[in-house]
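Below: the structure, in structure tokens.
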Amino acid sequence: MSSNDSAAQTSNVHLRTLGGLWIVYGIIRLVFAALMILYTGTATVMFGALLNRVADPFTLMSAFHFVYTVMIVLSVVCGIVGIMAGLALLGRMGAGRTLGLFAGFLSLSNLPLGTTLGIYTLVILLPAGGGHSRQ
């Protein structure tokens, strides 16, 4: 077995692992988004209870609803892109690397699982040496 065969085999193992992890992560994010939608009323009441001593509670409540909606949308997008990236990586499709990198960048803001998976994805999928060819 040559070193190129060993490197290709290691790369395939990493891509399969990464594909499986992205599918699991995507499902987790979609479940999280569904739970956020389900508990919107509870979150609103809990945040509203904190606003009884502020000067302008209505503006803060509007900001809360905006941020909460953005978090739900981000979770859905991360879930869908994560599942698509995982399937593309497992199927060795040409778009797998691009979708994986996009999913990795999107997930970096989600501590701790998304950050860990995003960094692992960037390490595996970004070219060593920064993409510069050596001559």
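The values are calculated or read from the model by the stated rules, or taken from the named source; none is laboratory data. Everything numeric in this text was worked out from a predicted model, so none of it was measured. Here the Cβ positions follow ideal geometry from the backbone for every residue, glycine too, while neighbour counts run over all protein chains shown.
Residues of the range 13-41 that are of a type outside the set (A, V, I, L, M), part of a helix (DSSP H, G or I) and free of Cβ contacts under 8 Å to residues at least 40 places away in the same chain: Thr17, Thr40, Gly41.
Counting only residues that are of a type in the set (Val, Ile, Thr), under 24 Å from Ile119 (Cβ atoms) and touching a helix residue (DSSP H, G or I) at 6+ places or on another chain (Cβ under 9 Å), the range 55-97 holds 6 of them. If the condition is being of a type in the set (Val, Ile, Thr) and more than 30 Å from Leu122 (Cα to Cα), then the range 19-44 contributes Ile37, Thr40, Thr42, Thr44. The conditions of being modelled with pLDDT of 85 or more, more than 18 Å from Ile83 (Cα to Cα) and either surrounded by 14 or more Cβ atoms within 10 Å (Cβ to Cβ) or touching a helix residue (DSSP H, G or I) at 6+ places or on another chain (Cβ under 9 Å) (or both) are met by Met36.
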